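Novice: Here you go, one structure.
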Amino acid sequence: MSTNPTIAVVGSGPIGSTYARVLLERVPGARVVMFEAGPQLTDRPGESVRNIADPGQKARAREMSQGPQAGAYRESLGIPAGTVTEGMFTARQGTHLLDYGGAGSAHATSFPAAAAATNVGGQGAHWTCATPSPAFSEKIPFIADDEWDELIGSAKELLHVQGAAFADSAVGAAIRALLDEEFGAELPEGYGVDTLPVAGDPQPDGSIRWAGADVVLGPLLDPESPLSQQFELRDLTLVRRVELDGNQVTGVTVEDLRTHETSFVAADIVVVAADAFRSPQLLWASGVRPQALGHYLTEHPVVISTVALDAGKMERFATEEDLDAELSRRALNPADPVAAVNRIPFSEPEHPFSVQVMYSESTPFPMEPGAPYAENRWGYVNMGYGMRKHPRYEDAVTFDDSEPDYRGFPNMTIEYALTERESAEIADATERLRRAGKALGAFVAEPRLMPNGSSLHYQGTMRMGESDDGTSVADPWSRVWGYSNLVVGGNALIPTATAMNPTLMSVAIAVRGARKAAEELGQGKA
Ligand code: FAD
């Protein structure tokens, strides 16, 4: 290892950014080179596109994120018609389907909504910023609670998490009061109806500046900070291979997508944080093929609905003036789908669900004028129950060396199925969603299960484990088993069945991995 180590980071999303930040803050003289296959969208790299005020610029930034297919396969971008019609997760622009049906497309008939974002900041430039913490069996069993709590605290700081966003909204409080009447007595202490933590910085006008990879990078983007001199971000640069000498990583071979020139960049550590499908694909293409690679794929199934808030019920807890105040606040950023967000967190054994309840003055789908509850004065909630998917080896992305994908990588096939175990929890959650809807008003979109892949929270494909027994890819510090200087990051590391949005958890795991890597570099061991 050199005195001034070089760390190559593949992928510029929140996880790659966590590694860059923690390593540069901890290893004096280190240099981080971050490679990102997609383009830079905003002047400040990695900013959430939701902060772009101009609708035309916002649309353009989303389109630029839709992968190399964006030009050639325009008509097949987005969720396929017929599988999803409308939903609470409306901000799907900015992503591109893996199975888009054109030449070089992945095969994912049993996981059709699988999608990715290809841009500086990754999916983190498009995310909804919901940042609940894992609880009970969602947590990683081999990390002690004290350490875990500290890691989650650090992850919250990196992502600028607000515990009480929109807590002052009287409309939000009324929704909580109604849900609490319905469910409060069934929920354990500390896991009741609450506001949903979100990642962003409240602004003086009551709006929020949403967090992206930019806030995680923090001082690395500040020209005044010496750390910015040690950080280099190369956009439109595709990492083609992680290069190895035996079980030591020596660097990466990269292709400049502007010139198509290929070059080798030497590195003391390589961090692969290129999402839960493309990271295992890159490892596979590089000849790193642990038995569990790509397997144990999970996501949380989601049942969603839209409910028109009932004036009579809401007026028990909020006034017309409160509603006017909420509507004026909403008018400040009308394109932003997130306002007064509430939740019921996961708890065991009675409530293994993560519930998200998002207020909006309009529905996420057009309603016929004059239809019942169209232009509902008290607005709507988009409400979803996230459930667990219990990990199984056979739910997997596999790679075919003989069939190149559109980028020339071994193509992906995703095989995935929900079992009776999931079906029982889905039925239970759907029943509760009906109760929640009745407590708040009337359904304008009935509860329904979204197609597989809709959550955008893909986990398990590079899962971490306590021992190298063939059921995990990475050790408890995120190093690929057998390769001390090859580190992996992202939701793919999560080995447990979770019901919640996973990014905060993955940042916490990355903080642990980065601290360990920094320690090893400091001791000259990497
Ligand atoms: P990503 O953000 O996916 O970044 C990976 C990057 O790697 C990409 O930019 C990609 O282009 C790049 N890359 C891939 N291959 C290569 C290569 N070979 N060479 C160079 N670069 C490469 N999560 C939550 O927790 N809460 C939410 O509310 C939430 N809402 C979401 C809403 C939407 C619409 C979307 C799209 C996602 C949402 N997510 C949410 C998920 C969240 O954005 C991801 O969990 C998070 O971005 C993962 O971070 P990451 O750094 O691991 O990967």
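The values are calculated or read from the model by the stated rules, or taken from the named source; none is laboratory data. Every value quoted in this text rests on a predicted model; they were computed, and no experiment measured them. Glycine also receives a Cβ, built like all others from the backbone with ideal geometry; neighbour counts cover every protein chain displayed. Only protein heavy atoms, including side chains, enter the accessible area calculation; ligands, DNA and RNA are left aside. Shrake-Rupley method; radii C 1.70, N 1.55, O 1.52, S 1.80 Å.
Novice: Could you say which residue among Ala325, Ala308, Ala318 is assigned to a helix (DSSP H, G or I), within 30 Å of Gly172 (Cβ to Cβ) and either within 15 Å of the ligand (Cβ to nearest atom) or not aromatic (Phe, Trp, Tyr) (or both)?
Specialist: Ala325
Novice: Give, as residue ranges, the strands (runs of 3 or more DSSP E) completely inside region 376-465 that count at least 3 residues that are aromatic (Phe, Trp, Tyr). Before the answer, list the steps.
Specialist: Numbers: elements: 380-386, 396-404, 410-415, 441-449.
Here the list is empty.
Novice: Additional query: Say we look at region 1-53 and pick out the residues that are small (Gly, Ala, Ser) and open to solvent by 40 Å² or more (accessible area, probe 1.4 Å); which of these is farthest from the chain's Cα centre (by Cα)?
Specialist: If we take residues in region 1-53 being small (Gly, Ala, Ser) and open to solvent by 40 Å² or more (accessible area, probe 1.4 Å), then Ser2 is farthest from the chain's Cα centre (by Cα).
Novice: How many residues are touching a strand residue (DSSP E or B) at 6+ places or on another chain (Cβ under 8 Å), under 20 Å from Leu196 (Cα atoms) and of a type in the set (A, V, I, L, M, F, W, C) when one looks only at region 474-518?
Specialist: Total meeting the criteria: 3.
Novice: Only one of these is buried (at least 20 other Cβ atoms within 10 Å of the Cβ), more than 24 Å from Ile304 (Cα to Cα), within 16 Å of the ligand (Cβ to nearest atom) and of a type outside the set (Lys, Arg): Met383, Met412. Name it. Talk me through it step by step, then tell me what you get.
Specialist: On the way: Met383 fails: more than 24 Å from Ile304 (Cα to Cα).
When all the criteria are applied, what remains is Met412.
Novice: Identify the residue in region 245-275 that is without any contact (Cβ under 8 Å) to a residue 24 or more places away in the chain and of a type in the set (D, E, K, R) and, among all such residues, is nearest to the ligand (Cβ to nearest atom). If you could, list the steps in order and put the result at the bottom.
Specialist: Let us first name the residues in region 245-275 that are without any contact (Cβ under 8 Å) to a residue 24 or more places away in the chain, namely 245-246, 250, 253, 255-256, 258-264.
Then drop every residue that is not of a type in the set (D, E, K, R), which leaves 245, 255-256, 258, 261.
Working: Asp245: 20, Glu255: 9, Asp256: 11, Arg258: 14, Glu261: 15 Å.
Among residues in region 245-275 that are without any contact (Cβ under 8 Å) to a residue 24 or more places away in the chain and of a type in the set (D, E, K, R), the one nearest to the ligand (Cβ to nearest atom) is Glu255.
Novice: On to the next question. Here's a check for you: in region 183-193, which residue that is in a loop (DSSP other than H, G, I, E, B) and touching a residue at least 40 places away in the same chain (Cβ under 8 Å) is surrounded by the most Cβ atoms within 10 Å (Cβ to Cβ)?
Specialist: Start the filter on region 183-193 by keeping residues that are in a loop (DSSP other than H, G, I, E, B), which leaves 187-193.
From the residues that got through so far, the ones that are touching a residue at least 40 places away in the same chain (Cβ under 8 Å) too are 187-188, 191-193.
Details: Leu187: 18, Pro188: 13, Tyr191: 16, Gly192: 18, Val193: 22.
The selected residue is Val193.
Novice: Return yes when Ser455 is closer than 12 Å to Ala492 by Cα and either at pLDDT 95 or above or within 16 Å of the ligand (Cβ to nearest atom) (or both) and no when it is not.
Specialist: Details: closer than 12 Å to Ala492 by Cα: no; either at pLDDT 95 or above or within 16 Å of the ligand (Cβ to nearest atom) (or both): yes.
No; evaluated as a whole, the condition is false for this residue.
Novice: How many residues are in a loop (DSSP other than H, G, I, E, B), away from the ligand (no atom under 11 Å from the Cβ) and either in contact (Cβ under 8 Å) with a residue 40 or more places away in the chain or within 11 Å of Thr131 (Cα to Cα) (or both) when one looks only at region 194-215?
Specialist: The initial filter retains those residues of region 194-215 that are in a loop (DSSP other than H, G, I, E, B), namely 196-197, 203-207, 211-212.
The next check asks that each one be away from the ligand (no atom under 11 Å from the Cβ); those that pass are 203-207.
Then drop every residue that is not either in contact (Cβ under 8 Å) with a residue 40 or more places away in the chain or within 11 Å of Thr131 (Cα to Cα) (or both), which leaves 205-207.
Here the count works out to 3.
Novice: I need the full set of residues from region 54-66 which are surrounded by fewer than 20 Cβ atoms within 10 Å (Cβ to Cβ) and not hydrophobic (A, V, I, L, M, F, W, C), in order please.
Specialist: The answer is Asp54, Pro55, Gly56, Gln57, Lys58, Arg60, Glu63.
Novice: Just need a number here: residues in region 198-256 that are crowded, with 23+ Cβ neighbours inside 10 Å and small (Gly, Ala, Ser).
Specialist: 5
Novice: Something else: Looking only at region 221-232, decide whether some residue is within 14 Å of the ligand (Cβ to nearest atom), more than 19 Å from Ala518 (Cβ to Cβ) and either of a type in the set (Asp, Glu) or in a strand (DSSP E or B) (or both).
Specialist: Within region 221-232 (the criterion being within 14 Å of the ligand (Cβ to nearest atom), more than 19 Å from Ala518 (Cβ to Cβ) and either of a type in the set (Asp, Glu) or in a strand (DSSP E or B) (or both)), the answer is no, since none of the residues qualifies.
Novice: Follow-up question, since we're still on this one. Say whether the condition of being in a helix (DSSP H, G or I), touching a helix residue (DSSP H, G or I) at 6+ places or on another chain (Cβ under 7 Å), within 15 Å of the ligand (Cβ to nearest atom) and within 16 Å of Leu227 (Cα to Cα) is met by at least one residue in region 32-47. Before the answer, list the steps.
Specialist: At the first step, the residues of region 32-47 found to be in a helix (DSSP H, G or I) are none.
No, region 32-47 contains no residue that is in a helix (DSSP H, G or I), touching a helix residue (DSSP H, G or I) at 6+ places or on another chain (Cβ under 7 Å), within 15 Å of the ligand (Cβ to nearest atom) and within 16 Å of Leu227 (Cα to Cα).
Novice: Of the numbered conditions (1) without any contact (Cβ under 8 Å) to a residue 60 or more places away in the chain; (2) open to solvent by less than 60 Å² (accessible area, probe 1.4 Å); (3) away from the ligand (no atom under 16 Å from the Cβ), Gly163 satisfies every one except a single condition; which is it?
Specialist: (3)
Novice: Here's another thing I want to ask about it. Tell me, please, whether a residue that is touching a Lys or Arg at 6+ places or on another chain (Cβ under 9 Å) and crowded, with 19+ Cβ neighbours inside 10 Å can be found in region 429-437.
Specialist: Step one: of region 429-437, the residues touching a Lys or Arg at 6+ places or on another chain (Cβ under 9 Å) are 430.
Right, trim to crowded, with 19+ Cβ neighbours inside 10 Å and you get none.
No: zero hits.
Novice: Also: If the requirement is being more than 10 Å from the ligand (Cβ to nearest atom) and closer than 23 Å to Lys156 by Cα, which of these qualifies: Gly460, Gly470?
Specialist: Values: Gly470 fails: closer than 23 Å to Lys156 by Cα.
Every option except Gly460 fails the conditions.
Novice: While we're looking at this one, here's another question. For region 222-233, enumerate the residues that are in contact (Cβ under 8 Å) with a residue 60 or more places away in the chain and over 22 Å from the mean Cα position of the chain (by Cα). I'd like the intermediate steps shown before the answer.
Specialist: Of the residues in region 222-233, the ones in contact (Cβ under 8 Å) with a residue 60 or more places away in the chain are 227, 230-233.
Answer for region 222-233, where residues must be in contact (Cβ under 8 Å) with a residue 60 or more places away in the chain and over 22 Å from the mean Cα position of the chain (by Cα): Leu227, Gln230, Phe231, Glu232.
Novice: Which ones in region 91-122 are at pLDDT 90 or above, within 15 Å of the ligand (Cβ to nearest atom) and in a strand (DSSP E or B)?
Specialist: Within region 91-122, Ala115, Ala116 qualify.
Novice: Right, something else. Please state which of the following conditions Tyr296 fails to meet, knowing it meets all the rest: (1) modelled with pLDDT of 90 or more; (2) crowded, with 18+ Cβ neighbours inside 10 Å; (3) of a type in the set (Ser, Thr, Tyr); (4) over 23 Å from the mean Cα position of the chain (by Cα).
Specialist: It is condition (4) that Tyr296 fails.
Residue-by-condition table, conditions (1) surrounded by 19 or more Cβ atoms within 10 Å (Cβ to Cβ); (2) in contact (Cβ under 8 Å) with a residue 12 or more places away in the chain:
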| residue | (1), (2) |
| --- | --- |
| Ala106 | yes, yes |
| Val120 | yes, yes |
| Ala125 | yes, yes |
| Phe136 | no, yes |
| Ile143 | no, yes |
| Asp149 | no, no |
| Ile152 | yes, yes |
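Novice: Still on this model: From Ser472, Ser478, Ser467, Ser454, grab the single residue that is among the hydroxyl-bearing types (Ser, Thr, Tyr) and open to solvent by 20 Å² or more (accessible area, probe 1.4 Å).
Specialist: Values: Ser472 fails: open to solvent by 20 Å² or more (accessible area, probe 1.4 Å); Ser478 fails: open to solvent by 20 Å² or more (accessible area, probe 1.4 Å); Ser454 fails: open to solvent by 20 Å² or more (accessible area, probe 1.4 Å).
Selected residue: Ser467, the only one of Ser472, Ser478, Ser467, Ser454 that is among the hydroxyl-bearing types (Ser, Thr, Tyr) and open to solvent by 20 Å² or more (accessible area, probe 1.4 Å).
Novice: Out of (1) out of contact with any strand residue (DSSP E or B) (no Cβ under 8 Å at 6 or more places or on another chain); (2) assigned to a helix (DSSP H, G or I); (3) more than 16 Å from the ligand (Cβ to nearest atom), the odd one out for Arg176 is which?
Specialist: So the condition that Arg176 fails would be (1).
Novice: Return yes or no: is Met412 in contact with a Pro (Cβ under 6 Å, 6 or more places away or on another chain) and at pLDDT 95 or above?
Specialist: On the way: in contact with a Pro (Cβ under 6 Å, 6 or more places away or on another chain): no; at pLDDT 95 or above: yes.
Spelling it out, it is not the case that Met412 is in contact with a Pro (Cβ under 6 Å, 6 or more places away or on another chain) and at pLDDT 95 or above.
Novice: Take the conditions surrounded by fewer than 24 Cβ atoms within 10 Å (Cβ to Cβ), part of a helix (DSSP H, G or I), in contact (Cβ under 8 Å) with a residue 40 or more places away in the chain and more than 15 Å from the ligand (Cβ to nearest atom) and apply them to Ala518. Does it pass? Before the answer, list the steps.
Specialist: On the way: surrounded by fewer than 24 Cβ atoms within 10 Å (Cβ to Cβ): yes; part of a helix (DSSP H, G or I): yes; in contact (Cβ under 8 Å) with a residue 40 or more places away in the chain: yes; more than 15 Å from the ligand (Cβ to nearest atom): yes.
So Ala518 passes the test.
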